[in-house]
Amino acid sequence: MMEIDFIISIGFFIRDLHKHIVKSHKEQYVEQVHTKPFTVYRGQGMSKAAFDQMQKTQGELLPFNNFLSTSMHSQVSLNFARETMESSDLIGILFVMKIDPSISLTPFADTRNVSYFEGEEEILFAMHSIFRIGSMKQINGNNRLWQIDLILYQ
């Protein structure tokens, strides 16, 4: 019975977080006339099998079915990608994500004013954000550390 209560509680939390991202997105980007395109970064690990599959889908769409935490600083995200390489079965991935708020329908919010990690300058994307996969290249010739360029899908 306790598991059901937890699932219900977490469901309310997820719904509230999504609503807050949508509200913040409207205030920060939709109602602003002069929002310019910008770049955010995400570092993570990926299994070799998932990475091999992604290489075959260049130019196609990539959905993120969870909340997506990104940073305005490439070095912060690159450090996350490098940390994942400590596991021998993971490839470090640095996603470089191009965002144009003037045409995006995907909710995202700048969390600098509410984040515990202010220095990361985090942009948080709502669940089910979709990106188009662009170019892929090794970072510093390391076959276990890759940059993948993504463009937020409209």
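Checking the conditions here, which among Ile93, Ile14, Ile7 is crowded, with 17+ Cβ neighbours inside 10 Å and either modelled with pLDDT under 90 or among the β-branched types (Val, Ile, Thr) (or both)?
Testing whether each residue is crowded, with 17+ Cβ neighbours inside 10 Å and either modelled with pLDDT under 90 or among the β-branched types (Val, Ile, Thr) (or both) leaves just Ile93.
Filtering the stretch 60-92 to residues that are of a type in the set (A, V, I, L, M, F, W, C), touching a Gly at 6+ places or on another chain (Cβ under 8 Å) and closer than 27 Å to Thr35 by Cβ leaves Val76, Leu78, Phe80. The single residue among Glu31, Glu60 that is at pLDDT 95 or above, surrounded by fewer than 12 Cβ atoms within 10 Å (Cβ to Cβ) and of a type outside the set (Ser, Thr, Tyr) turns out to be Glu60. Screening Ile130 against (1) outside any loop (DSSP other than H, G, I, E, B); (2) within 20 Å of Lys19 (Cα to Cα); (3) out of contact with any strand residue (DSSP E or B) (no Cβ under 6 Å at 6 or more places or on another chain); (4) of a type in the set (A, V, I, L, M, F, W, C) leaves a single unmet condition, (3). Scanning the stretch 1-22 for residues that are within 11 Å of Pro107 (Cα to Cα) and either free of Cβ contacts under 8 Å to residues at least 40 places away in the same chain or in contact with a His (Cβ under 7 Å, 6 or more places away or on another chain) (or both) turns up just one, Lys19.
For the stretch 56-70, the set of residues classified as under 15 Å from Ile21 (Cβ atoms) and either among the charged types (D, E, K, R) or in a strand (DSSP E or B) (or both) consists of Phe64, Leu68, Ser69, Thr70, listed by residue number. When every residue of the stretch 42-54 is checked against the conditions, none turns out to be in a loop (DSSP other than H, G, I, E, B) and polar (S, T, N, Q). Which one is surrounded by the most Cβ atoms within 10 Å (Cβ to Cβ), of the residues in the stretch 137-154 that are over 18 Å from Phe80 (Cβ atoms) and under 17 Å from the mean Cα position of the chain (by Cα)? Residue satisfying both the conditions and the ranking: Leu152.
The values are calculated or read from the model by the stated rules, or taken from the named source; none is laboratory data. The structure displayed is predicted, hence computed values, not measured ones. Here Cβ is always computed from backbone atoms with ideal geometry, including for glycine, and neighbour counts include all displayed protein chains.
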